[in-house]
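Starting off with a structure, shown below.
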Amino acid sequence: MPQRRKTEIVQVNLRMREDFRQRLWREAEKSGRSFNQELVHRLEESFTHEETAAMRDAILSAHDERNKQLQDAFANLQSLSKDIDARREELAKRERAIQDLQARLTETLEAGIKK
């Protein structure tokens, strides 16, 4: 392939079915472009579409990964919340036991003083 400047305009011979050529002509007229401009436009769009699709796929993949991380973090928080609730319950039981012991101790001391 000969080396040319990237901005150089080159002629390309192209073969296609007649019905396809006619369709391209109609689309060129609708868009207000020449036949050549329509061909170039559609070819450039195909690359843009591929690049956009690749970016979309990368974004979706990153989104899926982040979503998984958030789900894992949420599950971890739920587990920690249940653990905290269980510890609070255990602490409340111990506080009640201490209060019961204090009440019995007070009763015992008061009974001992009265004798």
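The values are calculated or read from the model by the stated rules, or taken from the named source; none is laboratory data. Every value quoted in this text rests on a predicted model; they were computed, and no experiment measured them. Every residue, glycine among them, receives a Cβ derived from its backbone with ideal geometry; neighbour counts consider all protein chains shown.
Only one of these is among the charged types (D, E, K, R), surrounded by 10 or more Cβ atoms within 10 Å (Cβ to Cβ) and modelled with pLDDT under 95: Glu38, Glu45. Name it.
Result: Glu45 is the single residue among Glu38, Glu45 that is among the charged types (D, E, K, R), surrounded by 10 or more Cβ atoms within 10 Å (Cβ to Cβ) and modelled with pLDDT under 95.
Shifting gears a bit: Give me the pairs: first residue in the stretch 44-68 and touching a residue at least 60 places away in the same chain (Cβ under 8 Å), second residue in a helix (DSSP H, G or I) and of a type in the set (A, V, I, L, M), beta-carbon distance under 8 Å, and six or more apart or on different chains, which are they?
Correct list of pairs: empty, since none qualify.
Same structure, new question: Is it the case that some residue within the stretch 12-32 is assigned to a helix (DSSP H, G or I) and in contact with a Ser or Thr (Cβ under 9 Å, 6 or more places away or on another chain)?
Yes.
Residues Glu8, Glu51: which one is of a type in the set (Asp, Glu), modelled with pLDDT under 95 and under 21 Å from the mean Cα position of the chain (by Cα)?
Glu51
Do we have Glu65 as within 39 Å of the chain's Cα centre (by Cα), at pLDDT 95 or above and in a helix (DSSP H, G or I) here?
In short, yes.
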